[in-house]
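The block underneath contains the structure these notes are about, expressed in structure tokens.
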Amino acid sequence: MAAQQTFSDLFYSAPDGLKLHARIYGEGIRGAWPVVCLPGLSRNARDFHDLAIHLSQRQERPRMVAVFDYRGRGLSAYDRNWKNYNVVVEADDVGAGLIAAGIQKGHFIGTSRGGLIIHRLGAVRPTALKSIVLNDIGPVVEGEGLAQIRSYLERSPKPRDMDEAVTIQRAAHGAAFPALSEADWQRFAAAIYREQKGRPVADFDPALLKMVKGFDLDKPIPAIWHLFEALRGFPMLVVRGANSKLLSAATLAEMAHRHPNCRTLTVEGQGHPPMLETGDLPQTIAGFFDQVETSD
């Protein structure tokens with residue numbers, strides 16, 4: 001059990017036997033549908049820590065929250081075959097994690113890569129979905145945003161300590177996130193890095209960069225509107241950072257136009273992706289889930 005007893009660690013086997021990890025907040029809570037949180041490409045379960053505490057400990061309708069580390073990230077084992085770092089395999093891994101956590105259906109929150117995995121789950125495991133929150137991701141991924149992610153992952157300096165890690169992250173992302181406070185930047189960095197031999201290192205398999213380098217930015221990125229159509233039956237909230245380069249305002253508007261029950265929210269002063277524990281976002285997300293259930 002973690003410090004302050006806020007979550008427990010769940011280790012389980014992927015379909016191919018790889019050892020994977022998830023955090024479970026509010027284990028044993030009944031009476032409300034659980035929440036499943038899926039992080040971004042190179043990120044891990046720590047991204048959702050504060051939001052998960054809010055959702056699992058609120059006085060009105062607390063919920064169990066499961067937050068997954070994909071293979072090669074966080075406490076999940078690294079894959080010897082880096083080509084398995086893809087949405088199809090990771091969606092199957094999440095499916096195995098749902099079984100291990102005893103979750104048959106839940107509200108899903110997907111940040112960036114996590115939102116793409118939700119699109120995949122809508123096609124192969126739709127009965128698991130109760131509602132959907134997409135954090136700065138949609139059926140159209142802008143090449144400029146993908147180029148920024150690749151550049152950051154390939155060129156990010158290696159910090160000597162956590163203070164320098166915060167400085168590096170602010171230098172890389174500060175222009176897109178003017179709304180963040182010092183405490184926000186410290187949480188931002190703490191979620192990215194783990195300590196290794198007394199120094200912070202990015203908490204993902206370096207082989208993940210091989211997949212990132214495979215992005216062909218000279219060709220248009222295929223849209224996945226056909227997968228988005230499979231999500232039209234689920235209540236949806238789409239959060240976009242006002243300064244995002246990955247999810248355009250035009251795509252956000254088209255998502256709302258195509259989906260009969262889609263709310264949109266633009267977060268000022270943040271880029272890709274907005275930090276879901278900041279401002280009124282925890283209350284907004286919790287209220288969205290509550291409304292979904294009371295309208296059943």
Review point. Looking only at Asn84, Asn44, Asn135, which one moves most when the chain is put into a Gaussian network model with springs between Cα atoms under 10 Å?
Key: Asn84
Review point. Setting aside same-chain residues fewer than 8 positions from Lys130, which aspartates and glutamates have a Cα under 16 Å from its Cα?
Key: Glu229, Asp290, Glu293, Asp296
**Study point:** Gap separating the Cα centres of region 159-220 and region 69-147, nearest whole Å
**Key:** 20
Exercise for review: Sort Arg160, Arg71, Arg187 so the one with the fewest other Cβ atoms within 10 Å of its own Cβ comes first.
Suggested key: Arg160, Arg187, Arg71
Point to revise | Partners for Lys210 among lysines (Cα-Cα distance below 26 Å; same-chain residues under 8 apart left out) | key: Lys19, Lys83, Lys158, Lys197, Lys219, Lys245
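Under the rule of -39500 (n - 2.57) per DSSP H run of 4 or more residues, summed and divided by the residues of the chain, what mean residue ellipticity at 222 nm is obtained, to the nearest 500 deg cm²/dmol?
Working: 10 runs with 107 residues, N = 296.
Computed ellipticity for the chain at 222 nm equals -11000 deg cm²/dmol.
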Point to revise | Filtered trypsin sites (Lys or Arg not before Pro), region 75-131: DSSP coil and at most 10 other beta carbons within 10 Å | key: Arg80
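Of all DSSP beta bridges in the chain, what percent run antiparallel (nearest 5)? Mind dumping the intermediate values first?
On the way: 17 of 40 bridges.
Bridges in the chain are about 45 percent antiparallel.
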**Study point:** Span-like helix ranges in the chain, DSSP H, alpha carbon extent 15 angstrom or more, Kyte mean at least -0.5
**Key:** 87-101, 113-124, 162-173, 182-192, 281-294
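Ignoring GluC sites (Glu not before Pro) that are buried or in helix or strand per DSSP, and keeping those with at most 14 other beta carbon atoms within 10 Å, what is the longest stretch of the chain between them?
On the way: sites that count: Glu60, Glu268.
Within the chain, the longest run free of exposed GluC sites (Glu not before Pro) spans 61-267.
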Review point. Given 10 Å bins starting at zero, what is the percent of C-alpha pairs of region 1-113 in each, up to the one with the largest pair distance?
Key: 15, 50, 29, 6, 0
Exercise for review: Please give the net charge around Ser295, taking every other residue with its beta carbon less than 13 angstrom from that of Ser295, where Lys and Arg add +1 and Asp and Glu add -1.
Suggested key: -1
**Study point:** Cα convex hull of region 177-283, projected area averaged across orientations, nm²
**Key:** 9.4
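Tally Lys and Arg at +1 and Asp and Glu at -1 over the other residues with C-beta under 13 Å from the C-beta of Ser244: what net charge comes out? Don't skip to the end; give the middle numbers.
Numbers: positive: Arg240, Lys245; negative: Asp136, Glu142, Glu144, Glu268.
Charge balance in the 13 Å sphere: -2.
Quick one: Asp136, Asp9, Asp50, fewest Cβ neighbours within 10 Å first, how do they rank?
Details: Asp136 26, Asp9 13, Asp50 17.
Final ranking by Cβ density, sparse to dense: Asp9, Asp50, Asp136.
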Study note, to complete from the structure: One point scatterer per Cα, no solvent, Debye formula: log10 I(q)/I(0) for the chain at q = 0.12 Å⁻¹ comes out as -0.74
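Only the coordinates and a few stated rules stand behind these numbers; no lab work does. Owing to the predicted nature of the structure, the values given are computational and were not obtained by experimental measurement. As a convention, Cβ positions derive from the backbone with ideal geometry for all residues, glycine included, and neighbour counts pool all protein chains shown.
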